[in-house]
Ligand SMILES: Cc1cc2nc3c(=O)[nH]c(=O)nc-3n(C[C@H](O)[C@H](O)[C@H](O)COP(=O)(O)OP(=O)(O)OC[C@H]3O[C@@H](n4cnc5c(N)ncnc54)[C@H](O)[C@@H]3O)c2cc1C
């Protein structure tokens, strides 16, 4: 069987009839995935699951699958986008099932240890423009001692790894407290949460999605729903349902590098700050390579042959507790988050790099001699994988030029930050926006070729560079809130996502303290 055919089928057929394998040349797979129109066409032509009502099973021949759940809305993926989608819809009276493969809500922000929340302010740094559920989560975190309000955090400080551009008013938070905040938010809204539940494949009737088959500790179980939201980050539901997708940036054949986050404590923060501040005037970016925090210490380690990471400086962010720091510094290129073997190799390499970094901190960084590794992310940090396509694909130019469309459902000012975009070991693409903010249209949440499905978070319909701006957590939450609200309105009004009047959606979002200009 030719590679493309095998890959296309392997990604849609249930039961792993064809397993995708790590390809020696990852580029081949990216090229293939880049022409995902082919995969989507293949997927649509292949047998999809029949309706549950046809039998006691979910429709998989020879498999007896219990129909365990029946909801108005199924949200797949409990990251920042999925949580906000589920809560928004449940607050509007919908019966919501939120499933996640892990053991907690929060996705990259909890399991992945990623933080802080990037900016929720406009580019002038004067006005908070991402509010709604994001703001509620921040307020709850602060009440629990788990965050510092973004109004108090300015750029070029220890809370921003001393980065200036695009890093004003970030929100440091504690991931353990965030887990509890999400649990309570969902419980209070009446969201039914199911952990250890892996999405396997959609239940389809023609082009309409009607739920999903899940792999749980009980085995295969079906969850029926009138509508579904894909908040998996990787766009797995949309892809398996037959929506067109691209992988990374099809033009360059690249995907942003992955990073395994980790946290350290027992740091003498005053001594660390005293080492960094005198070097601030030397911070620079040369050909996309950043020489920022601790670049002088990296140079020492490099000279001693004790540094082989694809970076010239260390992104190290102070957290809520004074002696705790979040490290975003490992870098693994060419990771395909849709391929288990590739991802496994990346996880192992990530831990190797963490070990090297801990040695670096102990040996070269003042104040970190006795630093303790609190933990590494329970999952590799994936910046980019699939982008699901709708009729409208958000172009990066619209963000740079500050376009605010009529069906705008999110205002944001996060900069375009595409790690690894220029190739080489560390070259990134960084584009500041030309206006105070830009808008994201509702159209980006609607995938092509599948009915009853909305997108939320990292996988929305945007080009690779645009996704490099809106993938961060505050916009992801806002996109989730918009998707959940849209789903609830569709269910209430008997509308489809495409026929929903965006004026109704915007009105509802405004009533939820969402800022739309
Ligand atoms: C290295 C790195 C650094 C970053 N730095 C920052 C930062 O400093 N600040 C910031 O604000 N943002 C940052 N981000 C971006 C941000 O963390 C993510 O883009 C954001 O969390 C996306 O939200 P999401 O809800 O779309 O997806 P995710 O957070 O990835 O959540 C997706 C959820 O879906 C679940 N899921 C996936 N597939 C399945 C399945 N088949 N079945 C069941 N569940 C499934 C996963 O378990 C996960 O919980 C960073 C990201 C990375 C990777």
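The values are calculated or read from the model by the stated rules, or taken from the named source; none is laboratory data. Quantities reported herein were computed from a predicted structural model and do not represent experimental measurements. Glycine gets a Cβ as well: all are built from the backbone with ideal geometry, and neighbour counts include every protein chain shown.
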Output the number of residues of segment 115-129 satisfying the condition of being surrounded by fewer than 24 Cβ atoms within 10 Å (Cβ to Cβ) and within 6 Å of the ligand (Cβ to nearest atom). 0
Just one of 350, 439, 402 is modelled with pLDDT of 95 or more and on the phi > 0 side of the Ramachandran plot; which is it? 402
Can you confirm whether segment 202-219 contains a residue that is closer than 17 Å to residue 71 by Cβ, in a helix (DSSP H, G or I) and touching a residue at least 60 places away in the same chain (Cβ under 8 Å)? no
Unique match (being closer than 23 Å to residue 109 by Cβ and more than 16 Å from the ligand (Cβ to nearest atom)) among 277, 354, 289, 267: 267
Checking the condition buried (at least 24 other Cβ atoms within 10 Å of the Cβ) and under 22 Å from residue 106 (Cα atoms), which residue from 478, 462 passes? 478
Please determine whether any residue of segment 82-89 is more than 12 Å from the ligand (Cβ to nearest atom) and without any contact (Cβ under 8 Å) to a residue 40 or more places away in the chain. no
Turns out the helices (runs of 4 or more DSSP H) fully within segment 426-517 with at least 3 residues that are assigned by TED's automatic domain parsing to the domain that holds residue 169 and under 19 Å from the mean Cα position of the chain (by Cα) are 464-470, 473-493
Can you confirm whether segment 231-244 contains a residue that is in a strand (DSSP E or B), away from the ligand (no atom under 14 Å from the Cβ), in contact (Cβ under 8 Å) with a residue 40 or more places away in the chain and in contact with a helix residue (DSSP H, G or I) (Cβ under 8 Å, 6 or more places away or on another chain)? no
Of all the residues that make up segment 181-223, how many are touching a helix residue (DSSP H, G or I) at 6+ places or on another chain (Cβ under 9 Å) and more than 16 Å from the ligand (Cβ to nearest atom)? 7
